[in-house]
1. log10 I(q)/I(0), Debye, Cα-only segment 38-98, no solvent, q = 0.14, 0.23 Å⁻¹?
2. Taking 7 Å along the Cα-to-C-beta vector as the label spot, tell me the ALA42-ARG60 distance in nanometres, rounded to one decimal.
3. State the volume of the convex hull built on the alpha-carbon positions of segment 19-73, expressed per residue in Å³ and rounded to an integer.
4. Per-residue HN-Hα couplings for segment 66-73, Karplus 6.51 cos²θ - 1.76 cosθ + 1.60 at θ = phi - 60°, whole Hz, x for Gly and Pro?
5. By average Cβ neighbour count within 10 Å, what is the ranking of 23-33, 142-152, 116-126 from highest down?
6. Is there a quick way to get the dipole size of segment 1-124? I mean about its Cα centre, with the Cβ of Lys and Arg at +1 and of Asp and Glu at -1; what is the value in debye to the nearest 20?
7. Gain in length, ASP141 to MET112, computed as 0.36 nm per residue apart minus the alpha-carbon separation, to one decimal in nm?
Amino acid sequence: MDLLDTLVMEHLATRLLTKNRLGVILEALLAHYAANQNRDAARQESLRHVSREAEQKLQRMYAAIENGIVDPADPTLRERLDALKAQRDEASRLCAMAEAPALVVPTITDEMIERFSCDLRAKLADGPVAMRKEYLRAIVDRIEIDDGEIRIFGRKDRLMNQLVSDRPKLNPKVPSFGREWRPVRDSNPCCRRERAISSG
């Protein structure tokens with residue numbers, strides 16, 4: 001493994017994948033998730049309120065028509081009813097979308113963080129180079145290199161997903177070392193066709 005790979009993995013092992021550093025990162029991420037859930041709940045309640053108001057206005061309009069307060073022949077009545085129905089239906093649709101199953105915020109313990117930290121540091125420090133790089137890609141998005149520094153970028157949510165899974169998830173593309181050509185010459189139909197033409 002070249003010097004750059006070694007420097008990156010050593011930096012991650014000593015600066016990022018420690019129990020204390022992971023704890024700080026994940027605590028901030030969980031607080032962000034909780035704030036988002038509170039905001040979504042407030043939006044859902046606001047949409048439900050808009051839908052209820054539109055429905056109540058419709059019912060009052062129908063009652064006014066039945067009681068003779070509003071003239072059914074009023075040319076603007078249809079437009080007003082259609083506008084209220086559209087407002088009610090749109091608020092109901094948005095509310096249903098907002099009530100879709102939300103992200104379940106996992107419970108993370110100190111023991112989980114410590115085990116994850118030790119396991120991943122061990123995997124980055126030892127083993128086949130190809131596998132070590134795959135574990136690195138599981139938590140790092142990109143690496144930028146300048147003359148004076150190396151910058152490592154990764155998303156906190158990917159780090160948490162790796163932590164709460166039973167084992168670190170690698171990229172779905174598995175490194176392959178198989179050759180793309182066939183070892184037996186006769187197994188290549190193009191080769192057989194060319195030989196047949198040249199011999200004829």
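Please treat every number below as a calculation from the coordinates, not as lab data. Remember, it's a predicted structure, so these values are computed and weren't measured experimentally. Note that each Cβ is placed from the backbone with ideal geometry, even for glycine, and that neighbours are counted across all protein chains shown.
1. -0.46, -0.86
2. Placing both labels 7 Å along Cα→Cβ, they lie 2.7 nm apart.
3. Values: hull volume 2.8 nm³, N = 55.
So the per-residue hull volume is 51 Å³.
4. Residue by residue, segment 66-73 yields 4, 8, x, 6, 10, 6, x, 7 Hz.
5. Numbers: 23-33: 13.9, 142-152: 9.3, 116-126: 16.5.
Top to bottom by mean Cβ count within 10 Å: 116-126, 23-33, 142-152.
6. Working: 17 positive and 20 negative charges, 27 e Å.
Taking the Cα centre of segment 1-124 as origin, the dipole is about 120 debye.
7. Working: separation 29, 0.36 × 29 = 10.44 nm, distance 2.30 nm.
Gain on stretching ASP141 to MET112: 8.1 nm.
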